[in-house]
1. Against the longest principal axis of chain B, how steep is helix B:113-123, in degrees 0 to 90 to the nearest 10, with axes from Cα atoms?
2. Hey, what do the phi angles of the stretch A:77-85 turn into as Karplus ³J(HN,Hα) couplings, whole Hz, using 6.51/-1.76/1.60 and θ = phi - 60°, x for Gly and Pro?
3. Count the DSSP beta bridges whose two residues both fall in chain B, then state the antiparallel fraction as a percent rounded to the nearest 5.
4. According to the square roots a ≥ b ≥ c of the eigenvalues of the Cα gyration tensor, what is the shape class of the stretch A:40-280, taking rounded for a/c under 1.5, prolate for a/b larger than b/c otherwise, and oblate for the remainder?
5. If one computes the Cα centroid of the stretch A:144-166 and of the stretch B:89-131, what distance in Å separates the two points?
6. Whole Å is fine, so just give me how far the alpha carbon centre of the stretch A:5-61 lies from that of the stretch A:188-260.
7. Per-residue counts of other Cβ atoms within 10 Å, averaged by peptide: what ranking do you get for A:108-116, B:83-91, highest first?
8. Sorted by accessible area (1.4 Å probe), largest first, how do A:Ile62, A:Ile100 line up?
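The values are calculated or read from the model by the stated rules, or taken from the named source; none is laboratory data. In this text the structure is predicted, and so the values were computed from the model without any measurement. FYI the Cβ positions are ideal-geometry reconstructions off the backbone, even for glycines, and counts take in every protein chain you see. Note: accessible area is taken over every heavy atom of the protein model, side chains too, but ligands, DNA and RNA are not part of it. Shrake-Rupley method; radii C 1.70, N 1.55, O 1.52, S 1.80 Å.
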Amino acid sequence: MSGSFSENLIYGLLRAITYAIVLLVGYILFDIVIKGLPVLNWEFVSGYPHQSGASGGILPAIAGTFYLVLGTISVALPLGVGSAIYLSEYAFQGKFTTIIRMAIITLAGVPSIVYGLFGLGLFVLFFRFGASILSGSLTLACMVLPTIIVASEEALRAVPKGYREASLALGATKWETIRTNVLPYSLSGMITGSILGVGRAAGETAPILLTVAAFFLPKLPNSIFDQVMALPYHLYILATQHPDAEKVRPMQYGTALVLLLLVLGLSLGAIFIRAHYRKKYKW
Amino acid sequence: MVDKKQALLLEDFDIEIVSRDLNFYYGDNQALFGISVGMPAKQVTALIGPSGCGKSTFLRTLNRMNDIIPGARVEGQVLISGKDIYQHGTDVVKLRRKVGMVFQKSNPFPKSIFENVAYGPRIHGTRDRQQLAAIVEKSLVRAGLWEEVKDRLNDNALGLSGGQQQRLCIARALAVDPQILLMDEPASALDPKSTARVEDLIGELRELYTIVIVTHNMQQAARVSDFTAFFYEGALVEFNATKLIFTNPKEKQTEDYITGRFG
Ligand SMILES: Nc1ncnc2c1ncn2[C@@H]1O[C@H](COP(=O)(O)OP(=O)(O)O)[C@@H](O)[C@H]1O
Ligand SMILES: [Mg+2]
(Lines give C-alpha, C1' and ligand atoms only; values in the text may rest on other atoms or scores of the structure.)
(Ligands and ions follow the chains in the order given, each with its own letter.)
Protein backbone atom coordinates (compact mmCIF):
# COMPACT_ATOMS: atom_id res chain seq x y z
CA MET A 1 0.00 0.00 0.00
CA SER A 2 3.02 2.28 0.32
CA GLY A 3 2.92 2.80 -3.47
CA SER A 4 -0.60 4.13 -3.28
CA PHE A 5 0.33 6.36 -0.33
CA SER A 6 3.23 7.98 -2.15
CA GLU A 7 1.05 8.27 -5.22
CA ASN A 8 -1.60 10.11 -3.23
CA LEU A 9 1.06 12.32 -1.76
CA ILE A 10 2.35 13.26 -5.18
CA TYR A 11 -1.15 13.87 -6.51
CA GLY A 12 -1.87 16.06 -3.49
CA LEU A 13 1.31 17.98 -4.02
CA LEU A 14 0.65 18.54 -7.72
CA ARG A 15 -2.88 19.64 -6.95
CA ALA A 16 -1.64 22.08 -4.31
CA ILE A 17 0.86 23.54 -6.77
CA THR A 18 -1.85 23.94 -9.39
CA TYR A 19 -4.16 25.67 -6.93
CA ALA A 20 -1.33 27.92 -5.79
CA ILE A 21 -0.70 29.03 -9.36
CA VAL A 22 -4.37 29.66 -10.01
CA LEU A 23 -4.61 31.56 -6.75
CA LEU A 24 -1.60 33.69 -7.59
CA VAL A 25 -2.88 34.58 -11.06
CA GLY A 26 -6.31 35.18 -9.58
CA TYR A 27 -4.86 37.54 -6.99
CA ILE A 28 -2.91 39.54 -9.57
CA LEU A 29 -5.96 39.85 -11.81
CA PHE A 30 -8.18 40.72 -8.88
CA ASP A 31 -5.77 43.39 -7.70
CA ILE A 32 -5.53 44.98 -11.13
CA VAL A 33 -9.26 44.88 -11.75
CA ILE A 34 -10.17 46.31 -8.34
CA LYS A 35 -7.65 49.13 -8.50
CA GLY A 36 -7.94 49.75 -12.23
CA LEU A 37 -11.70 49.81 -12.53
CA PRO A 38 -12.21 53.20 -10.79
CA VAL A 39 -10.14 55.05 -13.42
CA LEU A 40 -11.55 53.10 -16.33
CA ASN A 41 -14.07 55.31 -18.08
CA TRP A 42 -14.71 56.66 -21.54
CA GLU A 43 -12.47 59.67 -21.03
CA PHE A 44 -9.61 57.43 -19.94
CA VAL A 45 -9.69 55.24 -23.04
CA SER A 46 -10.56 57.97 -25.53
CA GLY A 47 -8.65 60.96 -24.19
CA TYR A 48 -5.12 62.21 -24.65
CA PRO A 49 -2.64 62.18 -21.75
CA HIS A 50 -1.64 65.36 -19.91
CA GLN A 51 1.23 66.14 -17.57
CA SER A 52 3.36 63.20 -18.75
CA GLY A 53 0.45 60.89 -18.18
CA ALA A 54 -0.43 62.00 -14.70
CA SER A 55 -3.90 62.90 -15.89
CA GLY A 56 -6.06 62.57 -18.97
CA GLY A 57 -6.46 59.44 -21.05
CA ILE A 58 -4.31 56.84 -22.76
CA LEU A 59 -5.78 56.77 -26.27
CA PRO A 60 -2.40 57.17 -28.03
CA ALA A 61 -0.98 54.22 -26.10
CA ILE A 62 -4.00 52.05 -26.91
CA ALA A 63 -3.83 53.02 -30.56
CA GLY A 64 -0.08 52.46 -30.60
CA THR A 65 -0.35 48.96 -29.18
CA PHE A 66 -3.25 48.22 -31.50
CA TYR A 67 -1.22 49.24 -34.56
CA LEU A 68 1.78 47.31 -33.34
CA VAL A 69 -0.33 44.17 -32.89
CA LEU A 70 -1.82 44.63 -36.34
CA GLY A 71 1.59 45.20 -37.89
CA THR A 72 3.11 42.25 -36.08
CA ILE A 73 0.37 39.88 -37.18
CA SER A 74 0.46 40.98 -40.78
CA VAL A 75 4.21 40.46 -40.97
CA ALA A 76 4.63 37.41 -38.77
CA LEU A 77 1.62 35.34 -39.80
CA PRO A 78 2.42 34.95 -43.50
CA LEU A 79 6.14 34.54 -42.80
CA GLY A 80 5.60 32.03 -40.01
CA VAL A 81 2.98 30.00 -41.84
CA GLY A 82 5.10 30.07 -44.97
CA SER A 83 8.16 28.82 -43.10
CA ALA A 84 6.12 26.12 -41.40
CA ILE A 85 4.74 24.93 -44.73
CA TYR A 86 8.19 24.85 -46.22
CA LEU A 87 9.76 23.11 -43.23
CA SER A 88 7.17 20.41 -42.78
CA GLU A 89 5.96 19.86 -46.34
CA TYR A 90 8.79 20.67 -48.70
CA ALA A 91 12.15 20.64 -46.95
CA PHE A 92 14.16 17.45 -47.02
CA GLN A 93 13.83 16.03 -43.53
CA GLY A 94 17.49 15.67 -42.70
CA LYS A 95 20.14 17.08 -40.43
CA PHE A 96 19.77 20.55 -41.85
CA THR A 97 16.07 20.89 -41.06
CA THR A 98 16.73 19.45 -37.61
CA ILE A 99 19.26 22.20 -37.03
CA ILE A 100 16.82 24.82 -38.31
CA ARG A 101 14.12 23.54 -35.97
CA MET A 102 16.53 23.63 -33.05
CA ALA A 103 17.49 27.18 -33.97
CA ILE A 104 13.84 28.18 -34.05
CA ILE A 105 13.21 26.71 -30.62
CA THR A 106 16.29 28.46 -29.30
CA LEU A 107 15.09 31.75 -30.78
CA ALA A 108 11.86 31.36 -28.84
CA GLY A 109 13.91 31.46 -25.66
CA VAL A 110 16.01 34.52 -26.47
CA PRO A 111 15.33 37.37 -23.99
CA SER A 112 13.11 40.05 -25.45
CA ILE A 113 15.65 42.84 -24.87
CA VAL A 114 17.94 41.04 -27.30
CA TYR A 115 15.22 41.31 -29.92
CA GLY A 116 14.94 44.98 -29.02
CA LEU A 117 18.63 45.54 -29.65
CA PHE A 118 18.47 43.48 -32.82
CA GLY A 119 15.57 45.59 -34.05
CA LEU A 120 17.41 48.76 -33.16
CA GLY A 121 20.45 47.64 -35.11
CA LEU A 122 18.70 46.23 -38.15
CA PHE A 123 15.43 48.09 -38.67
CA VAL A 124 15.93 51.41 -36.90
CA LEU A 125 19.54 52.09 -37.88
CA PHE A 126 20.56 49.88 -40.79
CA PHE A 127 17.34 50.09 -42.79
CA ARG A 128 16.81 53.65 -41.53
CA PHE A 129 13.17 53.05 -40.60
CA GLY A 130 13.86 55.06 -37.46
CA ALA A 131 11.91 54.54 -34.29
CA SER A 132 8.58 53.78 -35.91
CA ILE A 133 5.58 51.49 -36.02
CA LEU A 134 7.31 49.67 -38.86
CA SER A 135 10.49 49.00 -36.88
CA GLY A 136 8.52 48.01 -33.80
CA SER A 137 6.21 45.67 -35.69
CA LEU A 138 9.10 44.02 -37.50
CA THR A 139 10.96 43.56 -34.20
CA LEU A 140 7.92 42.09 -32.50
CA ALA A 141 7.32 39.93 -35.56
CA CYS A 142 10.84 38.48 -35.26
CA MET A 143 10.11 37.76 -31.65
CA VAL A 144 6.86 35.88 -32.22
CA LEU A 145 8.01 34.13 -35.39
CA PRO A 146 9.32 31.04 -33.58
CA THR A 147 6.04 30.63 -31.71
CA ILE A 148 4.07 30.92 -34.92
CA ILE A 149 6.28 28.49 -36.81
CA VAL A 150 6.11 25.88 -34.07
CA ALA A 151 2.33 26.27 -33.70
CA SER A 152 1.82 26.14 -37.46
CA GLU A 153 3.97 23.06 -37.92
CA GLU A 154 2.00 21.36 -35.20
CA ALA A 155 -1.26 22.34 -36.86
CA LEU A 156 -0.03 20.95 -40.19
CA ARG A 157 1.00 17.69 -38.58
CA ALA A 158 -2.42 17.34 -36.96
CA VAL A 159 -4.14 17.06 -40.35
CA PRO A 160 -4.94 13.37 -40.93
CA LYS A 161 -2.72 11.70 -43.52
CA GLY A 162 -5.79 10.36 -45.30
CA TYR A 163 -6.77 13.79 -46.65
CA ARG A 164 -3.44 14.33 -48.33
CA GLU A 165 -3.40 10.84 -49.76
CA ALA A 166 -6.94 11.10 -51.08
CA SER A 167 -6.17 14.42 -52.70
CA LEU A 168 -2.90 13.28 -54.27
CA ALA A 169 -4.51 10.07 -55.47
CA LEU A 170 -7.07 12.15 -57.37
CA GLY A 171 -4.25 13.75 -59.30
CA ALA A 172 -3.88 16.93 -57.30
CA THR A 173 -0.39 18.38 -57.20
CA LYS A 174 1.36 18.78 -53.92
CA TRP A 175 0.62 22.48 -53.73
CA GLU A 176 -3.05 21.97 -54.69
CA THR A 177 -3.28 19.39 -51.96
CA ILE A 178 -1.73 21.67 -49.37
CA ARG A 179 -3.84 24.63 -50.44
CA THR A 180 -7.17 22.86 -50.57
CA ASN A 181 -6.89 19.96 -48.18
CA VAL A 182 -4.26 20.75 -45.61
CA LEU A 183 -4.19 24.50 -45.00
CA PRO A 184 -7.94 24.98 -44.52
CA TYR A 185 -7.98 22.33 -41.80
CA SER A 186 -4.89 23.61 -40.03
CA LEU A 187 -5.63 27.32 -40.31
CA SER A 188 -7.53 27.44 -37.03
CA GLY A 189 -4.58 25.96 -35.15
CA MET A 190 -2.19 28.31 -36.90
CA ILE A 191 -4.21 31.42 -36.19
CA THR A 192 -4.90 30.44 -32.62
CA GLY A 193 -1.24 29.79 -31.89
CA SER A 194 -0.22 32.98 -33.64
CA ILE A 195 -2.69 35.21 -31.86
CA LEU A 196 -1.72 33.81 -28.49
CA GLY A 197 1.91 34.51 -29.33
CA VAL A 198 1.13 38.03 -30.52
CA GLY A 199 -0.95 38.61 -27.40
CA ARG A 200 2.10 37.93 -25.31
CA ALA A 201 4.23 40.17 -27.49
CA ALA A 202 1.68 42.98 -27.14
CA GLY A 203 2.57 43.19 -23.47
CA GLU A 204 6.33 43.26 -23.98
CA THR A 205 8.24 46.44 -23.20
CA ALA A 206 11.82 45.61 -24.06
CA PRO A 207 11.47 45.01 -27.83
CA ILE A 208 9.55 48.26 -28.39
CA LEU A 209 11.63 50.32 -26.00
CA LEU A 210 14.34 50.93 -28.56
CA THR A 211 12.40 50.56 -31.78
CA VAL A 212 9.14 52.47 -31.57
CA ALA A 213 7.85 53.51 -28.18
CA ALA A 214 7.57 57.19 -27.36
CA PHE A 215 7.82 58.41 -23.82
CA PHE A 216 5.11 61.01 -24.26
CA LEU A 217 3.46 61.70 -27.58
CA PRO A 218 -0.12 62.82 -27.17
CA LYS A 219 -1.26 62.34 -30.76
CA LEU A 220 -2.21 59.55 -33.12
CA PRO A 221 0.25 58.32 -35.76
CA ASN A 222 -0.15 59.35 -39.39
CA SER A 223 1.94 56.64 -41.02
CA ILE A 224 3.90 53.50 -40.25
CA PHE A 225 7.01 55.67 -40.00
CA ASP A 226 5.68 57.49 -36.95
CA GLN A 227 6.63 56.82 -33.39
CA VAL A 228 3.82 55.87 -31.04
CA MET A 229 3.14 55.39 -27.39
CA ALA A 230 2.36 51.84 -26.33
CA LEU A 231 0.54 50.43 -23.32
CA PRO A 232 3.33 48.34 -21.75
CA TYR A 233 5.87 51.11 -22.18
CA HIS A 234 3.47 53.71 -20.85
CA LEU A 235 2.88 51.50 -17.84
CA TYR A 236 6.59 51.10 -17.34
CA ILE A 237 7.11 54.85 -17.52
CA LEU A 238 4.30 55.61 -15.11
CA ALA A 239 5.51 53.02 -12.66
CA THR A 240 9.23 53.71 -12.65
CA GLN A 241 10.11 56.94 -14.44
CA HIS A 242 7.39 59.31 -13.46
CA PRO A 243 8.40 61.91 -10.85
CA ASP A 244 5.13 61.30 -9.03
CA ALA A 245 5.01 57.51 -9.29
CA GLU A 246 2.95 57.24 -6.10
CA LYS A 247 0.38 59.78 -7.25
CA VAL A 248 -0.16 58.24 -10.67
CA ARG A 249 -0.68 54.76 -9.26
CA PRO A 250 -4.38 54.68 -10.29
CA MET A 251 -3.34 55.53 -13.84
CA GLN A 252 -0.90 52.63 -13.77
CA TYR A 253 -3.63 50.24 -12.72
CA GLY A 254 -5.98 51.62 -15.33
CA THR A 255 -3.34 51.16 -18.03
CA ALA A 256 -2.59 47.65 -16.84
CA LEU A 257 -6.28 46.78 -16.91
CA VAL A 258 -6.67 48.08 -20.46
CA LEU A 259 -3.64 46.08 -21.56
CA LEU A 260 -5.08 42.98 -19.92
CA LEU A 261 -8.43 43.50 -21.62
CA LEU A 262 -6.71 43.93 -24.96
CA VAL A 263 -4.81 40.66 -24.57
CA LEU A 264 -7.97 38.99 -23.32
CA GLY A 265 -9.77 40.27 -26.39
CA LEU A 266 -7.10 38.77 -28.62
CA SER A 267 -7.38 35.42 -26.85
CA LEU A 268 -11.15 35.47 -27.16
CA GLY A 269 -10.72 36.25 -30.83
CA ALA A 270 -8.46 33.23 -31.16
CA ILE A 271 -10.99 31.02 -29.41
CA PHE A 272 -13.75 32.34 -31.64
CA ILE A 273 -11.77 31.68 -34.82
CA ARG A 274 -10.92 28.19 -33.66
CA ALA A 275 -14.54 27.39 -32.86
CA HIS A 276 -15.64 28.76 -36.22
CA TYR A 277 -13.22 26.60 -38.19
CA ARG A 278 -13.84 23.57 -36.02
CA LYS A 279 -17.47 23.78 -36.94
CA LYS A 280 -16.73 24.27 -40.59
CA TYR A 281 -14.19 21.48 -40.92
CA LYS A 282 -14.85 19.01 -38.19
CA TRP A 283 -13.30 15.61 -38.30
CA MET B 1 4.05 -10.85 -71.53
CA VAL B 2 5.47 -11.86 -68.30
CA ASP B 3 6.01 -15.58 -68.22
CA LYS B 4 4.71 -18.50 -70.22
CA LYS B 5 2.08 -19.67 -67.77
CA GLN B 6 0.66 -16.19 -67.36
CA ALA B 7 0.82 -15.58 -71.08
CA LEU B 8 -1.29 -18.64 -71.73
CA LEU B 9 -3.74 -17.73 -69.01
CA LEU B 10 -4.17 -14.18 -70.21
CA GLU B 11 -3.99 -14.69 -73.96
CA ASP B 12 -7.66 -13.81 -74.48
CA PHE B 13 -7.40 -10.54 -72.58
CA ASP B 14 -6.07 -7.05 -73.10
CA ILE B 15 -3.38 -6.62 -70.52
CA GLU B 16 -3.69 -3.17 -68.99
CA ILE B 17 -1.19 -3.33 -66.14
CA VAL B 18 2.15 -5.09 -66.29
CA SER B 19 4.87 -5.09 -63.69
CA ARG B 20 8.29 -6.40 -64.65
CA ASP B 21 10.90 -7.51 -62.11
CA LEU B 22 9.60 -4.95 -59.70
CA ASN B 23 11.64 -4.45 -56.54
CA PHE B 24 10.59 -1.99 -53.90
CA TYR B 25 12.54 -0.65 -50.94
CA TYR B 26 11.57 1.33 -47.86
CA GLY B 27 15.03 2.73 -47.21
CA ASP B 28 17.18 -0.35 -46.73
CA ASN B 29 14.21 -2.69 -46.26
CA GLN B 30 13.18 -4.48 -49.39
CA ALA B 31 9.41 -4.95 -49.41
CA LEU B 32 8.86 -6.35 -52.92
CA PHE B 33 11.03 -8.94 -54.66
CA GLY B 34 10.96 -9.18 -58.44
CA ILE B 35 7.22 -8.96 -58.98
CA SER B 36 6.26 -9.81 -62.54
CA VAL B 37 2.58 -9.93 -63.28
CA GLY B 38 0.05 -8.81 -65.87
CA MET B 39 -3.44 -7.69 -65.04
CA PRO B 40 -6.18 -7.79 -67.64
CA ALA B 41 -8.37 -4.85 -68.60
CA LYS B 42 -11.97 -4.66 -67.39
CA GLN B 43 -11.42 -7.55 -64.99
CA VAL B 44 -11.09 -7.70 -61.24
CA THR B 45 -7.73 -8.85 -59.94
CA ALA B 46 -7.46 -9.62 -56.24
CA LEU B 47 -4.21 -9.40 -54.31
CA ILE B 48 -4.22 -11.75 -51.35
CA GLY B 49 -1.68 -12.83 -48.78
CA PRO B 50 -0.91 -12.55 -45.09
CA SER B 51 -0.58 -9.18 -43.44
CA GLY B 52 2.71 -7.43 -44.20
CA CYS B 53 3.43 -9.42 -47.37
CA GLY B 54 3.49 -6.30 -49.54
CA LYS B 55 0.00 -6.16 -51.05
CA SER B 56 -0.53 -2.49 -50.25
CA THR B 57 3.00 -1.63 -51.24
CA PHE B 58 2.52 -3.28 -54.62
CA LEU B 59 -0.86 -1.61 -55.13
CA ARG B 60 0.65 1.78 -54.35
CA THR B 61 3.42 1.30 -56.90
CA LEU B 62 0.70 1.24 -59.57
CA ASN B 63 -0.27 4.89 -59.09
CA ARG B 64 3.07 5.97 -57.63
CA MET B 65 1.55 6.79 -54.26
CA ASN B 66 4.74 5.43 -52.74
CA ASP B 67 6.54 8.46 -54.17
CA ILE B 68 5.50 10.47 -51.14
CA ILE B 69 7.24 8.15 -48.70
CA PRO B 70 10.72 9.49 -47.87
CA GLY B 71 13.47 7.06 -48.75
CA ALA B 72 11.26 4.78 -50.83
CA ARG B 73 12.78 3.41 -54.04
CA VAL B 74 11.56 1.38 -57.00
CA GLU B 75 13.46 -0.85 -59.41
CA GLY B 76 12.00 -2.49 -62.47
CA GLN B 77 9.04 -1.45 -64.55
CA VAL B 78 5.35 -0.87 -64.25
CA LEU B 79 3.63 -0.54 -67.59
CA ILE B 80 0.16 0.92 -67.77
CA SER B 81 -1.43 0.77 -71.20
CA GLY B 82 2.05 -0.07 -72.44
CA LYS B 83 3.80 2.95 -70.92
CA ASP B 84 6.38 2.70 -68.17
CA ILE B 85 5.06 4.91 -65.41
CA TYR B 86 8.45 5.11 -63.69
CA GLN B 87 10.10 6.42 -66.81
CA HIS B 88 11.71 9.81 -66.43
CA GLY B 89 9.29 12.59 -67.31
CA THR B 90 6.09 10.71 -66.46
CA ASP B 91 3.31 13.11 -65.49
CA VAL B 92 2.27 11.75 -62.10
CA VAL B 93 -0.80 13.97 -62.01
CA LYS B 94 -2.06 12.48 -65.28
CA LEU B 95 -1.17 9.00 -64.11
CA ARG B 96 -3.17 9.32 -60.91
CA ARG B 97 -6.12 10.67 -62.82
CA LYS B 98 -6.08 7.55 -64.90
CA VAL B 99 -5.42 5.22 -61.96
CA GLY B 100 -7.85 6.00 -59.16
CA MET B 101 -7.47 4.75 -55.64
CA VAL B 102 -9.75 3.87 -52.75
CA PHE B 103 -8.13 3.50 -49.35
CA GLN B 104 -8.55 1.04 -46.54
CA LYS B 105 -9.66 3.68 -44.10
CA SER B 106 -12.38 5.71 -45.75
CA ASN B 107 -11.14 9.27 -45.97
CA PRO B 108 -13.78 11.70 -47.22
CA PHE B 109 -12.73 15.33 -46.92
CA PRO B 110 -14.44 17.19 -44.08
CA LYS B 111 -16.51 19.05 -46.65
CA SER B 112 -19.92 18.60 -48.17
CA ILE B 113 -20.84 15.46 -50.08
CA PHE B 114 -21.00 17.51 -53.27
CA GLU B 115 -17.59 19.11 -52.71
CA ASN B 116 -16.03 15.72 -52.05
CA VAL B 117 -17.08 14.32 -55.40
CA ALA B 118 -16.53 17.60 -57.25
CA TYR B 119 -13.00 17.96 -55.87
CA GLY B 120 -11.24 15.90 -58.53
CA PRO B 121 -12.97 17.43 -61.56
CA ARG B 122 -12.46 20.89 -60.05
CA ILE B 123 -8.70 20.57 -59.69
CA HIS B 124 -8.57 19.24 -63.22
CA GLY B 125 -10.20 22.39 -64.48
CA THR B 126 -13.97 21.87 -64.59
CA ARG B 127 -15.45 25.14 -63.37
CA ASP B 128 -18.98 25.07 -64.75
CA ARG B 129 -21.43 24.40 -61.92
CA GLN B 130 -23.89 22.56 -64.17
CA GLN B 131 -21.19 20.32 -65.53
CA LEU B 132 -19.89 19.60 -62.04
CA ALA B 133 -23.38 18.76 -60.84
CA ALA B 134 -23.75 16.29 -63.70
CA ILE B 135 -20.43 14.62 -62.89
CA VAL B 136 -21.32 14.45 -59.20
CA GLU B 137 -24.65 12.82 -59.94
CA LYS B 138 -23.21 10.32 -62.40
CA SER B 139 -20.43 9.35 -60.01
CA LEU B 140 -22.75 8.95 -57.06
CA VAL B 141 -25.13 6.88 -59.15
CA ARG B 142 -22.29 4.62 -60.21
CA ALA B 143 -21.16 4.26 -56.62
CA GLY B 144 -24.71 3.32 -55.63
CA LEU B 145 -25.01 6.25 -53.25
CA TRP B 146 -27.15 8.71 -55.18
CA GLU B 147 -30.54 7.66 -53.85
CA GLU B 148 -29.32 7.92 -50.27
CA VAL B 149 -27.72 11.35 -50.51
CA LYS B 150 -29.40 13.24 -53.35
CA ASP B 151 -31.41 15.38 -50.92
CA ARG B 152 -28.46 16.34 -48.77
CA LEU B 153 -25.57 16.94 -51.10
CA ASN B 154 -24.56 19.97 -49.07
CA ASP B 155 -24.32 18.11 -45.78
CA ASN B 156 -20.91 17.34 -44.35
CA ALA B 157 -19.65 14.02 -45.66
CA LEU B 158 -18.52 12.99 -42.20
CA GLY B 159 -22.17 12.71 -41.17
CA LEU B 160 -22.53 9.64 -43.41
CA SER B 161 -22.27 6.10 -42.07
CA GLY B 162 -18.99 4.19 -42.50
CA GLY B 163 -20.28 2.25 -45.48
CA GLN B 164 -21.68 5.35 -47.13
CA GLN B 165 -18.39 7.18 -46.57
CA GLN B 166 -16.51 4.42 -48.34
CA ARG B 167 -18.93 4.49 -51.27
CA LEU B 168 -18.52 8.27 -51.34
CA CYS B 169 -14.77 7.76 -51.64
CA ILE B 170 -15.43 5.41 -54.54
CA ALA B 171 -17.67 8.04 -56.15
CA ARG B 172 -14.96 10.65 -55.61
CA ALA B 173 -12.44 8.41 -57.35
CA LEU B 174 -14.84 7.75 -60.26
CA ALA B 175 -15.48 11.46 -60.75
CA VAL B 176 -12.14 12.01 -62.49
CA ASP B 177 -13.04 9.27 -64.95
CA PRO B 178 -10.21 6.80 -64.31
CA GLN B 179 -9.52 3.66 -66.35
CA ILE B 180 -8.19 1.72 -63.43
CA LEU B 181 -9.43 1.53 -59.87
CA LEU B 182 -7.11 0.42 -57.09
CA MET B 183 -8.79 -0.61 -53.87
CA ASP B 184 -6.87 -1.33 -50.71
CA GLU B 185 -9.05 -3.48 -48.44
CA PRO B 186 -11.99 -1.18 -49.15
CA ALA B 187 -14.36 -3.13 -46.92
CA SER B 188 -12.12 -4.19 -44.07
CA ALA B 189 -13.47 -1.54 -41.70
CA LEU B 190 -17.13 -2.06 -42.63
CA ASP B 191 -19.94 -4.10 -41.14
CA PRO B 192 -21.14 -7.18 -43.09
CA LYS B 193 -24.05 -5.38 -44.70
CA SER B 194 -21.94 -2.47 -45.95
CA THR B 195 -19.30 -4.95 -47.06
CA ALA B 196 -21.88 -6.75 -49.16
CA ARG B 197 -22.91 -3.45 -50.74
CA VAL B 198 -19.33 -2.61 -51.63
CA GLU B 199 -18.82 -6.08 -53.07
CA ASP B 200 -21.97 -5.73 -55.19
CA LEU B 201 -20.69 -2.38 -56.31
CA ILE B 202 -17.41 -3.91 -57.45
CA GLY B 203 -19.47 -6.40 -59.43
CA GLU B 204 -21.19 -3.50 -61.20
CA LEU B 205 -18.04 -1.49 -61.78
CA ARG B 206 -16.06 -4.33 -63.33
CA GLU B 207 -17.63 -3.66 -66.71
CA LEU B 208 -16.35 -0.13 -66.77
CA TYR B 209 -13.02 -0.24 -65.01
CA THR B 210 -9.99 -2.40 -64.55
CA ILE B 211 -10.04 -3.15 -60.84
CA VAL B 212 -7.23 -4.26 -58.58
CA ILE B 213 -8.38 -5.03 -55.06
CA VAL B 214 -6.33 -5.93 -52.02
CA THR B 215 -8.12 -8.11 -49.55
CA HIS B 216 -7.14 -10.34 -46.68
CA ASN B 217 -10.54 -11.98 -46.86
CA MET B 218 -10.35 -14.99 -49.14
CA GLN B 219 -14.10 -15.41 -49.47
CA GLN B 220 -14.20 -11.84 -50.67
CA ALA B 221 -11.47 -12.49 -53.22
CA ALA B 222 -13.36 -15.57 -54.39
CA ARG B 223 -16.62 -13.63 -54.63
CA VAL B 224 -15.50 -10.50 -56.42
CA SER B 225 -12.45 -11.29 -58.51
CA ASP B 226 -11.66 -12.91 -61.82
CA PHE B 227 -7.96 -13.28 -61.18
CA THR B 228 -6.02 -13.67 -57.99
CA ALA B 229 -2.40 -12.98 -57.13
CA PHE B 230 -1.05 -14.56 -53.99
CA PHE B 231 1.78 -12.66 -52.30
CA TYR B 232 4.01 -14.02 -49.62
CA GLU B 233 6.86 -12.16 -47.92
CA GLY B 234 7.14 -9.61 -50.70
CA ALA B 235 7.15 -12.11 -53.56
CA LEU B 236 4.43 -13.14 -55.96
CA VAL B 237 3.91 -16.83 -55.31
CA GLU B 238 1.07 -17.59 -57.66
CA PHE B 239 -1.14 -15.84 -60.15
CA ASN B 240 -4.11 -17.56 -61.67
CA ALA B 241 -7.78 -17.35 -62.49
CA THR B 242 -9.59 -17.01 -59.18
CA LYS B 243 -11.63 -20.17 -59.82
CA LEU B 244 -8.47 -22.17 -60.33
CA ILE B 245 -6.43 -20.74 -57.51
CA PHE B 246 -9.09 -21.55 -54.96
CA THR B 247 -9.89 -25.02 -56.26
CA ASN B 248 -6.53 -26.12 -57.50
CA PRO B 249 -3.60 -24.10 -56.18
CA LYS B 250 -0.31 -24.99 -57.82
CA GLU B 251 1.97 -23.91 -55.01
CA LYS B 252 2.17 -25.40 -51.55
CA GLN B 253 2.27 -21.95 -49.91
CA THR B 254 -0.88 -20.88 -51.71
CA GLU B 255 -2.66 -24.02 -50.63
CA ASP B 256 -1.56 -23.58 -47.03
CA TYR B 257 -2.79 -20.02 -47.06
CA ILE B 258 -6.19 -20.58 -48.62
CA THR B 259 -6.86 -23.60 -46.46
CA GLY B 260 -6.19 -21.37 -43.49
CA ARG B 261 -3.00 -22.94 -42.24
CA PHE B 262 -1.40 -19.54 -41.70
CA GLY B 263 -2.01 -15.84 -42.05
N1 LIG C 1 5.71 3.57 -44.95
C2 LIG C 1 6.46 2.47 -44.68
N3 LIG C 1 7.73 2.61 -44.25
C4 LIG C 1 8.49 1.53 -44.00
N5 LIG C 1 8.09 0.26 -44.12
C6 LIG C 1 6.82 0.05 -44.54
C7 LIG C 1 5.94 1.14 -44.84
N8 LIG C 1 4.76 0.64 -45.23
C9 LIG C 1 4.88 -0.70 -45.17
N10 LIG C 1 6.12 -1.07 -44.77
C11 LIG C 1 6.64 -2.46 -44.62
O12 LIG C 1 6.56 -3.10 -45.85
C13 LIG C 1 6.09 -4.42 -45.72
C14 LIG C 1 4.84 -4.62 -46.56
O15 LIG C 1 3.81 -3.82 -46.04
P16 LIG C 1 2.40 -3.68 -46.74
O17 LIG C 1 2.59 -3.48 -48.18
O18 LIG C 1 1.64 -2.64 -46.01
O19 LIG C 1 1.75 -5.12 -46.46
P20 LIG C 1 0.23 -5.60 -46.59
O21 LIG C 1 -0.55 -4.54 -47.24
O22 LIG C 1 0.32 -6.84 -47.39
O23 LIG C 1 -0.23 -5.89 -45.21
C24 LIG C 1 5.84 -4.63 -44.23
O25 LIG C 1 6.94 -5.30 -43.70
C26 LIG C 1 5.74 -3.25 -43.68
O27 LIG C 1 6.24 -3.20 -42.37
MG1 LIG D 1 -2.19 -3.40 -46.46
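1. 70 degrees
2. Working through the residues one at a time gives 5, x, 4, x, 5, x, 4, 4, 4 Hz.
3. 60 percent
4. Prolate, because a/c is 1.5 or more and a/b exceeds b/c.
5. 23 Å
6. Comparing the Cα centres of the stretch A:5-61 and the stretch A:188-260, I get a distance of 16 Å.
7. Descending packing order for the listed peptides: A:108-116, B:83-91.
8. Greatest to least solvent exposure: A:Ile100, A:Ile62.
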